[in-house]
1. Is it the case that region 46-58 has a residue that's hydrophobic (A, V, I, L, M, F, W, C) and more than 22 Å from Lys341 (Cβ to Cβ)?
2. Can you pull out every residue in region 139-172 that is at pLDDT 95 or above, over 18 Å from Cys344 (Cβ atoms) and in contact with a Pro (Cβ under 9 Å, 6 or more places away or on another chain)?
3. In this structure, does Ala95 turn out to be surrounded by 24 or more Cβ atoms within 10 Å (Cβ to Cβ) and small (Gly, Ala, Ser)?
4. So, of the residues in region 131-184 that are of a type in the set (S, T, N, Q) and more than 15 Å from the chain's Cα centre (by Cα), which turns out to be surrounded by the fewest Cβ atoms within 10 Å (Cβ to Cβ)?
5. Anything in region 320-375 that is modelled with pLDDT under 95 and in a helix (DSSP H, G or I)? List them, or say none.
6. Name the pairs whose Cβ atoms lie under 7 Å apart, with the first residue in region 234-252 and on the phi < 0 side of the Ramachandran plot, the second among the polar types (S, T, N, Q) and part of a strand (DSSP E or B), and 6 or more positions between them or separate chains?
7. Between a first residue in region 146-169 that is part of a strand (DSSP E or B) and a second residue that is surrounded by 18 or more Cβ atoms within 10 Å (Cβ to Cβ) and of a type in the set (Asp, Glu), which pairs have beta carbons less than 8 Å apart while being 6 or more apart in sequence or on different chains?
8. Among the residues of region 206-221 satisfying the criterion of being touching a residue at least 60 places away in the same chain (Cβ under 8 Å) and surrounded by fewer than 22 Cβ atoms within 10 Å (Cβ to Cβ), which is farthest from Glu304 (Cα to Cα)?
Amino acid sequence: MKLIDPIIEFHAELQSIRRDIHAHPELCYEEKRTSELVASKLTEWGIPVVRGMGLTGVVGIISSGSSERAIGLRADMDALPMQEVNTFPHASQNAGKMHACGHDGHTAMLLGAAHYLATHRNFDGTVYVIFQPAEEGGGGARRMMDDGLFEQFPMEAVFGMHNWPGSPVGTFGVTDGPMMASSNEFEVTVKGIGSHAAQPNKGVDPIMIAVQIAQSWQTIISRNKNPLESGVLSITQIHAGSATNVIPDEAVLIGTVRTFTTELLDMIEQRMRSIAEHTATAFEAQVDFQFKRNYPPLINHEQETKFAVGVMQALVGTHRVDANVEPSMAAEDFAFMLQEKPGCYVFLGNGECGHGSAEHGLGPCNLHSPRYDFNDELLPIGASYWVRLAETFLADA
């Protein structure tokens, strides 16, 4: 690997920053301490800062030379509403809140890149370092865009990155086109007529109707969807009743749908609604169908992906870059940015969790696990990637 020596020398500082953020996690749109830390570091390093974009977002402006060209580099800052079980010194000090997805590491890596870029300025143009709030379900990317992110900071392209447990440290994964899925949720209430459980003939049982709907929905995936397309329909909650001898009035089905295309999503939503409504009608019940589209599919742009692959290969070697990585059915709100600007989102290998210790407790430290911890070995790798990406993109003409 051809990492940048000054960034390697800055590793201890980045680790300190990362672990400080990990110990003080903040949920979406609550990232006041984190954004203050980010803004103070950028200011300390002579980088002009704009705060409050997307409520708690921060944008740093690093310029050099006379070119009007610009690139955006984005990291997310928010944590998850879950209890950490790790016992190491930098474990969460905020009960019920945890950096279980590595956004602490993402923030630290981009800070490391900002420090180097501001110190050396080996490029011609402007680098916007974007520290985004509320990726975990809050749509912080869209909120920053609504606040004028791309109008106030005009950039040709924008790039993102996420650590990826299970992939070896020092490896990258990316693919052109769909990289992550859309995220959508549904809540369907079947409204029947309650009765005594010993006299089901006197009511309309919403539980049995919900079961029929749930089973029929799976035929959408197995029979309506093109087998060559990827789609997931998962029912994750069923709520009904409170007593063993009472048939309730209502039953509720809750879950998620994931696709890589809007066309497939349209079809699944339409078929779900039709099946639910007609099944309820057949059993003389009613249904309230709610379907919410959260994040669109994350689609990498061809030219920017090819460019990013070249930068990664030059940094870590061709054999450490998978340019045709398997897409993930997880979702990312960076997708909103890629709808407005060309760009590319990549995975950075976080290892097999061997960086942990007995203090992690038993079990794996996958994303969204209460035992997760970002691998600090990634800090100089990710920071070096950001620097080389920006320097190459804004190379002197």
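1. Start the filter on region 46-58 by keeping residues that are hydrophobic (A, V, I, L, M, F, W, C), which leaves 47, 49-50, 53, 55, 58.
From what is left, the residues that are more than 22 Å from Lys341 (Cβ to Cβ) are none.
No; the residues of region 46-58 include none that is hydrophobic (A, V, I, L, M, F, W, C) and more than 22 Å from Lys341 (Cβ to Cβ).
2. Answer for region 139-172, where residues must be at pLDDT 95 or above, over 18 Å from Cys344 (Cβ atoms) and in contact with a Pro (Cβ under 9 Å, 6 or more places away or on another chain): Gly140, Arg143, Met144.
3. For Ala95, the condition - surrounded by 24 or more Cβ atoms within 10 Å (Cβ to Cβ) and small (Gly, Ala, Ser) - is not met.
4. For region 131-184, the residue satisfying everything is Gln152.
5. Ala358, Glu359, His360
6. Partner pairs satisfying both residue conditions: Ser234/Thr256; Thr236/Thr256; Ile247/Ser195; Glu250/Thr189; Val252/Thr189.
7. As it stands, the answer is Ala157/Glu304; Phe159/Glu304; Gly160/Glu332; His162/Glu332, since those pairs meet every condition given.
8. Step by step, filter region 206-221, then rank; the result is Met208.
The values are calculated or read from the model by the stated rules, or taken from the named source; none is laboratory data. All of these numbers come straight from a predicted model, not from anything done at the bench. Reconstructed Cβ throughout: ideal geometry from the backbone, glycine too, with neighbour counts over all protein chains shown.
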